[in-house]
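The values are calculated or read from the model by the stated rules, or taken from the named source; none is laboratory data. Predicted model only: the values in this text are computed from it and were never measured. Glycine also receives a Cβ, built like all others from the backbone with ideal geometry; neighbour counts cover every protein chain displayed. These area figures cover heavy atoms from the full protein model, side chains too; ligands, DNA and RNA do not enter into them. Shrake-Rupley method; radii C 1.70, N 1.55, O 1.52, S 1.80 Å.
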Amino acid sequence: MRGFCRHVAAGAREGQGRIRGRGAAAGHRRFRFHRRAFRHGGHIPGVPGLGLHVLVRRSAAGAVPAAGAVRRLAGRQVRRTPGPCRGAFSRRLRLVLLLSQGPADRYGRAFHPYDGDTVGGRGARRRGEYRKGPGPDMNDNTKNYDAVIIGAGPGGLSAGLGLARRGWKVLIAEKNPCPGGNCTARDYGGYVFDLAVHQLTGIGGGGMCAEILKEYGIFDKVEFRQVNPFLVVDMPDRSYRLPGDREGLRSELKKDFPEDAADIDRMLDGLATLKKDALISQRLLYGSNRIVDSMVMRTAGLAGLASFPFTFPWGIASRMHVGADAMLGRWIKNPRLRAVMHSSWIYLGLPPRRLSGVMMNVFAAMQHMEHSYYPVGGSHLLAAAFAGAIEERGGEILLDAPVKRIILEGGRAAGVELADGRTFRAGTVISNADARHTYSSLLGPGEVPARFARGLARMKPSMGPFRVCLGLDYDVSRNGLEEHEYMIYPGYDHEETYAAMERGEPAAVSAYSPTRISPELAPPGHSTLILTTLLPWKPERDWRGREEEVAAAMIAAVERKRLPGLSSHIKVKKIMTPGDLNRLTNADGGSMYGWSNEPGQVLTFRMSPKSPVKGLYHAGHWTRPGTGVTTAILSGWMLANRLNDWRGKVLDRIV
Ligand SMILES: Cc1cc2nc3c(=O)[nH]c(=O)nc-3n(C[C@H](O)[C@H](O)[C@H](O)COP(=O)(O)OP(=O)(O)OC[C@H]3O[C@@H](n4cnc5c(N)ncnc54)[C@H](O)[C@@H]3O)c2cc1C
């Protein structure tokens, strides 16, 4: 350590209350520089980042004289509140500020399961794809934490940030070389492909996820762009436009189904009420807090808030077991119109008759009433914002660090052991990993209560994605794909389509071009096109060997329906099978949404965030409330609240 760092450390050791000398002034300047760098997305063009590591330990007398100065200078609020770990380590304060390249720099780089460049490419700096920085010093494997989190997917990152901002000492161990789980991307010769995400709900209209990101202080670190116009459903006989706003949707549907005009009005009113009821019922799921209460206030008013739970929309509870098609059938008689309205079932993984009605219809209401959004530059930048904020609050993220085992002591989770043998101890262990992986690979058979293990074996995971990512030498959004997304179906019977998918046929294909919203993902004048379908996967039924054939069928379907001559424009083609996803994130069967979204496996019926193994918790799409990036973020936020709130502690004893 030189200059300022040396002075701070010396001051802390000697119990001095002041920072003196030229080194201190240099330190001031350096902190200002790094703070500026962070505000500019982690990088100030043309100015090389400077390494800065400050280590402050509590002196023998128990005072930390320079730590306050460090916090003020850094402009960071690093609070220490007692977490559940009260070992010898908690008597010392270790403040590690790693700002050598700015947090977004270190985590904004792209990653994907296929071969190819993880860094570089045209415009890489602008996109925030930088080489991995030094990361925290993790050689000391005797360290204790308040919480260790397995997996840095959106659920794990959200739980980590929720706890770190309350002063918990958090370590996240991620098996891949970058954080984000499904929120990652990769650059192939100038074309950037997201691993998964193409639209996020809960961001527009004061959505809950937006409020959580604001509470976390990272909402303005990512630019969310509205996905509008939104969706076109291509049926064999004709196409339907489904805009992302309520009045637009009403007029388009009435144009296409004039004889169902009254039903369409009834449906839109019904969806609005359902969405409102779903919001109010969040109070039961998450308890009362600033975000939930202000949303309930907005939808139910002060009287509604004050009289909760008597004003709880009990109707929604009675509809939890109803399938999506049956629920929509209460408002709409025409099965064709229902099939069109539910065309985005692919994004919840089950056809409307088997899919949870509350889940599908709230999703439809959010998509078509308050728009969907895309994080400009790629979803890995959202993960980067989380990772940066976690480190900023003293949390540590360990990459390339697969967890091999959850350590139990006296039947209680007490830490994790990594594949390389290092162990990290903590009072609380949170698994963001696949539920089956957690209970069958990270815990031994005798360590999981038998009844719980049997229940887990009965649960059904969702299907996996088969995805073809294309880099094209022309702009598809000006040559046939003017809307955000096209769903190409073989017919109006979604059950039949799903049955074909279960047989391994890419029966329905979604096609969208991310460069329509975020042109910087491809070279100028070029574009990216993502084709997705659902296919089952098992280790013994891998798609390797058949993948080119399936991809060719998907490309041909889009070529026939929308983009004649598409094949001649392909510069880059990358295929992702459910098996790739399994290898990348340990997702059971390459499942893309955690448990399948049938009525008995969503919302309150999904796995509790609290494990039957003491000290172990879950965050992410395998636990409540369900599927999707914003929902996984919600689950992490909900868990952090629960672990910090007296009501959560009471819940922990009974649920
Ligand atoms: C193709 C596809 C498209 C999708 N499109 C969208 C979309 O447009 N919008 C949307 O909202 N959602 C979408 N989803 C769903 C969304 O991506 C997921 O629901 C969400 O990412 C779940 O987040 P998570 O934190 O629960 O898990 P994940 O994102 O899966 O993260 C889990 C993390 O745990 C890590 N891990 C697992 N095991 C270990 C271990 N032993 N040790 C250390 N780390 C481990 C994994 O590497 C991973 O990083 C899509 C999913 C797919 C696959």
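Beyond 17 Å, what share of the Cα-Cα pairs of segment 161-224 remains, rounded to the nearest whole percent? Mind showing how you got there, number by number?
Numbers: 1210 of 2016 pairs.
Roughly 60 percent, once rounded to a whole number.
If amide hydrogens are placed 1.01 Å from N in the peptide plane, which non-local residues have theirs closer than 5 Å to the one on L408?
A414
Just order 359-368, 254-263 by mean Cβ neighbour count inside 10 Å, highest at the front, would you? Could the numbers behind the result be given before it?
Working: 359-368: 23.7, 254-263: 14.2.
With the highest mean Cβ count within 10 Å placed first, the list reads 359-368, 254-263.
Along the three principal axes, how long is segment 145-264 when you take its alpha carbons, biggest first, rounded to the nearest angstrom?
Cα spread of segment 145-264 along its principal axes, largest to smallest: 63, 37, 23 Å.
For K571, which aspartates and glutamates qualify as cross-link partners when the Cα separation must be under 15 Å and same-chain residues fewer than eight apart are set aside?
Counting by Cα, and skipping residues close in sequence, K571 has these aspartates and glutamates nearby: D187, D473, D475.
Among the lysines, select those whose C-alpha is under 21 Å from the C-alpha of K169, and discard any that sit fewer than 8 residues away in the same chain.
In chain and number order, the partners are K143, K610, K614, K649.
Need the C-alpha centroid separation for segment 223-240 versus segment 426-489, integer Å.
24 Å
Need the list of lysines near K574 for cross-linking: C-alpha distance under 25 angstrom, and skip anything on the same chain fewer than eight residues off.
Within the straight-line cut-off, K574 pairs with K132, K175, K538, K561.
Order M592, M297, M327 by their accessible area, 1.4 angstrom probe, all chains in place, largest first. Numbers along the way, then the final one.
Values: M592 30, M297 80, M327 0 Å².
Output order, biggest surface exposure first: M297, M592, M327.
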